[in-house]
1. Provide, for q = 0.08, 0.17 Å⁻¹, the log10 of I(q)/I(0) from a solvent-free Debye sum over equal Cα point scatterers in region 90-326.
2. Hey, can you grab everything whose amide H is under 5 Å from the amide H of ARG193? Only 5+ residues off in sequence or another chain; H modelled, so Pro and N-termini drop out.
3. Hey, what D do you get for region 4-60 in µm²/s if you plug the Kirkwood alpha-carbon radius into Stokes-Einstein at 10 °C and 1.306 mPa s?
4. Enumerate the calculated ³J(HN,Hα) couplings along region 238-244 in order (Karplus 6.51 cos²θ - 1.76 cosθ + 1.60, θ = phi - 60°), each rounded to whole Hz, writing x wherever the residue is Gly or Pro.
5. Fewest Cβ neighbours within 10 Å first, please rank ARG114, ARG366 accordingly.
6. Given the convex hull of the Cα atoms of region 1-151, what is a quarter of its surface area in nm²?
7. Starting from the Cα of VAL377, step 7 Å toward the Cβ, then list every residue of region 230-257 with an amide N under 15 Å from that point.
8. Given that compact globular proteins tend to follow 2.2 N^0.38 Å, what is the ratio of the alpha-carbon Rg of region 290-405 to that value?
Amino acid sequence: MADHRRSIPRTDALLADPRLTEARRLLGHARVKAAIVAAQRRAREGDLPPEEVLTAALAALPASASGLRPVINATGVLLHTNLGRAPLSAAARQAVVLAAGVTDVELDLATGGRGRRGRTALAALAAAVPAAEAVHVVNNNAAALALTATALAAGGEILISRGELIEIGDGFRLPDLLVSTGARLREVGMTNRTTIADYAGAIGPTTGMVLKVHPSNYRIEGFTADVPMARLSALCREHDIPLVGDVGSGLLTPEPLLPQEPDVTSWLTAGADLVTSSGDKLLGGPQCGLLFGRAGLVDRLRRHPLARALRVDKITLAALEATVAGPPTPTWESLHADQVTLRSRAESLVARLRDRGIDAEAVDSRSVVGGGGAPGVSLPSAAVALDRRAAAALREVEPPVLARVDNGRCLLDLRAVPADQDDTLLAGVLTALAGE
Ligand SMILES: *Cc1c(COP(=O)(O)O)cnc(C)c1O
């Protein structure tokens, strides 16, 4: 014991070691020192040879100062809420890194005066949706709806169909949000059927807006009726009431693979005055809320005092612009991946696993869009099937792999896994199942 203690390197000597320079730069002095002190304690207790104190301290340090860990999404759910919904494209990631420094987000470099905040991101959105006279960006779609309801209907009524009073997830209920702005909800129609007469009968002197919400996570089938946007628009025009649509997903234009999913352009063209959506669902961008519509209305929202509390950060603006104006997003790639290619990736992974003595099988699978929309739609996919016990071990490798347990098997669905992550996925499986 005494010998150990004598030979344990001193803290300041260890802290000065160049092998710790990078860790100190990324994690800070205090964190690195704490790791050293912990390793020294282990050495004093005889748990660690004194010459390994530095290596042990390094090994105990995380790769990043943030606790968020990158994971591989092999669940087959394209937009997984618990995994942060849409992953950003390489273009958006690069834009984020650049925007993280000092930028001209609100400065006009030509004049040296103040510029419109995020003007290039707004211009990209406007170019992507020519049907919108104006656009605005807030923190998420919930914020877009809160701002809209506050500015247009606080103290008055919002007309909404009973079939559209939805809970998004984790107990978030849209009606609660709308009511929290000081507006009252006037529910119209029935859960399964709402007609134009229901809306017409409910319009009154205190109606602030009519809201049409896309039920993005469930479907009503059977004896149903719903009023198309164009019909509702004619009614709202007649009464000079703003018609607001919440498309949810963030599709800017129709997506042929998801014919039931509404999009911003179609709803504006059909006569909605304002359309809101999320940025991190099918649009494939950062978390934000998008507002498209008539210039007068968008301006009212933009100038409302609440707008300042909901305004987005420069990093979001940068990622959003790169998402809208840049190359296809990982979400788009996942949605459009063809099953033959997915299947051959699965077969190649399986062959490589079997070479290492691991029992695996390539199987057909079904993926879903998930938290972002397209309820009831599933996409043909392919997966690597492993023993069900693999799922827990896979969450412990680096990076953790999130699988889906289905019919007693652990499935690694490849639709939401970018092809360039196959080697990392393979390494993860090999680590997780080593020693089986
Ligand atoms: C997801 C969703 C919301 C909430 O959007 P956030 O960006 O998560 O705030 C609201 N309405 C609909 C229809 C949705 O699908």
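All of the numbers you see were taken from the coordinates with simple rules; none came from a lab. All values reported here derive from a predicted model rather than from experimental measurement. All Cβ positions, glycine included, derive from the backbone under ideal geometry; neighbour counts span all protein chains shown.
1. -0.29, -1.25
2. ALA225
3. Working: Rh = 11.0 Å.
For the chosen part, D equals 144 µm²/s.
4. Each residue's phi maps through the Karplus curve to give 3, 9, 6, 10, x, 9, 10 Hz.
5. On the way: ARG114 9, ARG366 14.
So the ranking, lowest neighbour count to highest, is ARG114, ARG366.
6. Over every viewing direction, the Cα hull of region 1-151 projects on average to 16.2 nm².
7. Only 247-257 pass the distance filter.
8. Rg over 2.2 N^0.38 Å, computed on Cα atoms: 1.58.
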